[in-house]
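Structure first, then comments.
The values are calculated or read from the model by the stated rules, or taken from the named source; none is laboratory data. Quick caveat: nothing in here was measured; it's all calculated off a predicted structure. When we count neighbours, we look across all protein chains shown, and the Cβ atoms used for this are built from the backbone with ideal geometry, even at glycine.
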Amino acid sequence: MENLVNARLDDDGFDIERAGILASWPTGEDVDFAEGVKRQLALPTWKRFTDALCSADREGRTLLQPRAGVALIREQTTLLSALSPHCDVLPTTIDAYTRHNRYTDAQAGIDRSRKAGTSLLNGFPAVNHGVEGCVRLVEAVDKPIQVRHGTPDARLLAEITLASGFSSYEGGGISYNIPYAKRVSLERSIRDWQYCDRLIGRYEEHGVRINREPFGPLTGTLVPPFISHVVAISEGLLALEQGVKCLTLGYGQGGNIVQDIAALRSLRTLARHYFREAGHSDYELTTVFHQWMGGFPEDEAQATAVICLGAMVAKQAQATKIIVKTPHEASGVPTAEANIAGLKATRQMINMVADQGVVSGTEIAAEVEIIEAEVHSVMREIFRLGNGDLARGVVAAFHSGAVDIPFAPAIANLGKLTPIRDDRGAVRLYEAGNVPLPADVLAYHRDKIAERARSEKREANFDMVVDDVRAISASTLIGRPTDQSTDRATS
């Protein structure tokens, strides 16, 4: 798309596109924007996502949110009602067919689920249930509810769910393409998400504040903080340009306590810097910390330990919200009981940490400095490649490898950047690929990796990277040789 630019979409063109989107599936014809505005304005305060986030941020509280989605409205209502007493805000996780705009297959899954008496989809097919079904769900729950999915083209999903009273919408044209899809054009997904953000901007113009949350963890596998920050900031800038006013930027737990605290704290500072540079001042900014998104131990007690580490770090990093995992992550779609167990463990941990104050120190400050230098270097290159235009710069940066997400399936992603852990488990760069980092930063990464190689008495190579990918599911953080892991665990 040669005409892709980071500029507010033209109203007339938007209306023409919108008519086609709503006509593309039968339930789209039931969307009425004016009724959607009335429905959103009629939500009580305790059902408004932005109110929950902003009040928690002001008061220093950390909200808990699970992930949950099943095929049928009644079962989804039952599931969220069971989770509600244990969390602060609610999700509705969308099924895989809907994420790929395969609504006919989603309908078949609904029909099979009704016959089977249990969900045969891995999420809630909101487009098929339409405004009427989604309104029933929103009205049945007692807390704010967010759409969580993974959709490169989420335009119809946004129309239906926002008109139904969902008050938060997750995702973005980069974060819901590169980690999720293989052959979707990045230009196309960014443009489709400009539509979603412009739709939310239109709700803003009618007095409705809807929260937008880019997906922070990306592939969730050894993602260096600066890479996820660059994507989050870029998606935030794209959303603000379309009129979004409430943003929640996220980060996925890496595992090293110092690096994770530094990462989330730096994210807010960096975002404000780039938003200000772009001329944006009228917005609300909060943060979300995703508990470990990689492989989990199969043992429930060990999995709970991973959850608790994430809870402790999130609270110390002053996250506004935590996406909570469950002890059943290794075994498939978690049950309500498993979700509740993860929420209880997280709540216990943040309650204990809350009274202890916020830790600081030279190690955290040094890590913040490294992350900031990395982000600034890559963002400069994005704007250079786009001749000052962010949208074009992002596409060019992925094409050149200046932005490169580890282990992503998309052909738009160069895939040359290779992460590895250092001797303390922080994520470093084994291979920087074409990412334009300063020489002193690259030397820092090399030195940190060399420390680990000396410690383990083996050469740093790709086998070490593979070991790191598997480590947490095998009950360690760093993928060390088995005898060394055992020695360190018992010492």
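Flag: ALA439 does not match the condition of being at pLDDT 95 or above and in contact with a helix residue (DSSP H, G or I) (Cβ under 9 Å, 6 or more places away or on another chain). Could you count how many residues in region 316-342 are surrounded by 24 or more Cβ atoms within 10 Å (Cβ to Cβ) and either free of Cβ contacts under 8 Å to residues at least 24 places away in the same chain or aliphatic (A, V, I, L, M) (or both)? Looking only at that region, the number is 5. Counting only helices (runs of 4 or more DSSP H) that sit completely within region 299-386, those holding 3 or more residues that are under 16 Å from GLY252 (Cα atoms) and assigned by TED's automatic domain parsing to the domain that holds ILE227 correspond to 300-316. Within region 73-99, the set of residues being within 15 Å of VAL147 (Cα to Cα), out of contact with any helix residue (DSSP H, G or I) (no Cβ under 7 Å at 6 or more places or on another chain) and not in a strand (DSSP E or B) comprises LEU80, ALA96, ARG99.
Can you name every residue in region 301-315 that is more than 23 Å from LEU90 (Cα to Cα) and in contact (Cβ under 8 Å) with a residue 40 or more places away in the chain? Selection gives GLN302 alone.
Only one of GLU367, GLU372, GLU363 is over 21 Å from the mean Cα position of the chain (by Cα), under 20 Å from LEU437 (Cβ atoms) and touching a residue at least 12 places away in the same chain (Cβ under 8 Å); which?
Result of the check over GLU367, GLU372, GLU363: GLU367.
Considered as a group, the residues in region 49-72 that are of a type in the set (Ser, Thr, Tyr) and part of a helix (DSSP H, G or I) include one that is surrounded by the most Cβ atoms within 10 Å (Cβ to Cβ), and that residue is THR50. Checking each residue in region 239-270 for being more than 15 Å from THR320 (Cα to Cα), free of Cβ contacts under 8 Å to residues at least 60 places away in the same chain and not in a loop (DSSP other than H, G, I, E, B) picks out LEU240, ILE257. Residue count for region 1-48 under the criterion of being farther than 21 Å from GLY130 by Cα and surrounded by 18 or more Cβ atoms within 10 Å (Cβ to Cβ): the result is 4.
Looking at region 477-488, can you tell me whether even one residue there is surrounded by fewer than 19 Cβ atoms within 10 Å (Cβ to Cβ), of a type in the set (Val, Ile, Thr) and outside the structural domain of GLY220 (by TED's automatic domain parsing)? Yes, region 477-488 has at least one match. Remark: pairs (first residue in region 68-96, assigned by TED's automatic domain parsing to the domain that holds THR335 and under 20 Å from ALA341 (Cβ atoms); second residue assigned to a helix (DSSP H, G or I) and basic (Lys, Arg); Cβ separation under 7 Å; 6+ apart in sequence or on different chains) = HIS86/LYS344. Selection over region 5-22 of residues that are in contact (Cβ under 8 Å) with a residue 60 or more places away in the chain and either acidic (Asp, Glu) or farther than 21 Å from PRO125 by Cβ (or both) gives a count of 8.
Take GLU213 and decide whether it is farther than 20 Å from HIS149 by Cα, of a type in the set (Asp, Glu) and either modelled with pLDDT of 95 or more or assigned by TED's automatic domain parsing to the domain that holds GLU431 (or both). Judged against the criteria, GLU213 is not a match. Whether a residue is surrounded by 24 or more Cβ atoms within 10 Å (Cβ to Cβ), at pLDDT 95 or above and either among the small types (Gly, Ala, Ser) or outside the structural domain of LEU414 (by TED's automatic domain parsing) (or both) was assessed, and SER185 does not pass this test. The single condition from (1) in a helix (DSSP H, G or I); (2) touching a residue at least 40 places away in the same chain (Cβ under 8 Å); (3) not aliphatic (A, V, I, L, M) that HIS273 fails is (2). If you check THR118, THR104 for being out of contact with any helix residue (DSSP H, G or I) (no Cβ under 7 Å at 6 or more places or on another chain), part of a helix (DSSP H, G or I) and surrounded by fewer than 17 Cβ atoms within 10 Å (Cβ to Cβ), only one passes: THR104.
When restricted to residues that are out of contact with any Gly (no Cβ under 6 Å at 6 or more places or on another chain) and part of a loop (DSSP other than H, G, I, E, B), region 404-458 contains 21.
Residues in region 23-60 that are without any contact (Cβ under 8 Å) to a residue 60 or more places away in the chain and within 27 Å of the chain's Cα centre (by Cα) were compared, and the one that is farthest from HIS290 (Cα to Cα) is PRO44. Across region 364-411, the number of residues qualifying as charged (D, E, K, R) and crowded, with 19+ Cβ neighbours inside 10 Å comes to 5.
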